[in-house]
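Structure, as structure tokens:
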Amino acid sequence: METLVVEHPLVAHKLTALRDARTDSPTFRRLADELVTLLAYEATRHVRVTGVTVETPVARARGVRLAQPYPLVVPILRAGLGMLDGMTRLLPTAEVGFLGMIRNEETLKAETYATRLPDDLSGRQVYVVDPMLATGGTLAAAIRFLFDRGADDVTALCLLAAPEGIAHMDEAFADSDRPIRLVTAALDERLNEHGYIVPGLGDAGDRLYGVV
């Protein structure tokens, strides 16, 4: 898996505010949205395009447009919903699918409870959005699900990542011949005994939407 930690003053500034326990939910949602758009700029460097020619007011110009089939953005519910608008703002023609997964707090393994995706993803580039790459189990399960449906190129966007999660992903897909990329705002220190990222920013879903 190719990993990119985006080093930029604006990324660091917004992430610092997200980490702050005093940041309320409305502000947290706004900052997450803004941060995702910054990460999406880097994550889409490999988006597929096709050449076109357009008429400017002066002359013809060669350029590019997004190739079809258009990219698919897949938020992992529920916390991934907080990253969706920031991603589709940069890719307004992308289609959107949904994957409901939850981590069993006892086993720390991902369990799927809902899907809303095309049956055939052959030839599709997919962008998975989920705030945290902690143990790596949820993201690995999501990517396997997408590969099983035919996706041939997956990029994951996470606000934070832990070394243990990256190691799990590298091991899980060591033999994969399909491109897998991770774009994140920071690589944190470690996981604690409960599987939470340290220093992290807490439970992203709860901070986005409240405790339900």
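The values are calculated or read from the model by the stated rules, or taken from the named source; none is laboratory data. Because the structure is a prediction, the values reported are computed rather than measured. Every residue, glycine among them, receives a Cβ derived from its backbone with ideal geometry; neighbour counts consider all protein chains shown. Heads up: the accessible areas ignore ligands, DNA and RNA and are worked out on the full protein's heavy atoms, side chains in. Shrake-Rupley method; radii C 1.70, N 1.55, O 1.52, S 1.80 Å.
The table for this structure:
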item	result
Accessible area in square angstrom per residue, the chain, 1.4 angstrom probe	51 Å²
Cβ-based charge dipole, the chain, positive-most Cα from Leu159, Val11, His194	Val11
Among (1) 17.2, 54; (2) 17.5, 58; (3) 17.5, 65, the entry that matches Rg and Dmax of the Cα atoms in Å as calculated here	(3)
Calculated FRET efficiency for the pair Asp206/Arg45, C-beta based, R₀ 41 Å, to 0.05	0.80
Environment charge of Asp170, counting only residues whose C-beta is closer than 13 Å and scoring Lys/Arg +1, Asp/Glu -1	-3
Taking the chain and dividing mean pair separation by its residue count, relative contact order in percent (alpha carbons under 8 Å, at least six apart)	24 percent
Among Tyr127, Tyr70, Tyr41, residue whose mean-square fluctuation peaks in a GNM of the chain (springs only between Cα atoms under 10 Å)	Tyr41
Added length on full extension, which subtracts the Cα-Cα distance from 0.36 nm per residue, Arg144 to Ser25	39.6 nm
Centroid-to-centroid separation of the range 100-164 and the range 16-91 [C-alpha atoms, Å]	18 Å
Residue-span extension gain [Leu10 to Arg178] - 0.36 nm each, minus C-alpha spacing	57.3 nm
Cα centre as origin, Lys/Arg/Asp/Glu Cβ charges: the chain dipole, Debye	820 debye
Rounded percent of accessible protein surface that carbon and sulfur make up, the chain, 1.4 Å probe	51 percent
Sites Glu106 and Glu55, calculated FRET efficiency, Cβ-Cβ separation with R0 41 Å, nearest 0.05	0.10
Additional length obtainable on full extension of the chain from Asp170 to Ser122, 0.36 nm per residue less Cα span	15.0 nm
Of Met132, Met169, Met83, the one that fluctuates the most in a GNM where the chain has Cα springs shorter than 10 Å	Met169
Loop GluC sites (Glu not before Pro), the range 25-113, which have at most 12 other Cβ atoms in a 10 Å radius of their Cβ (DSSP)	Glu105, Glu106
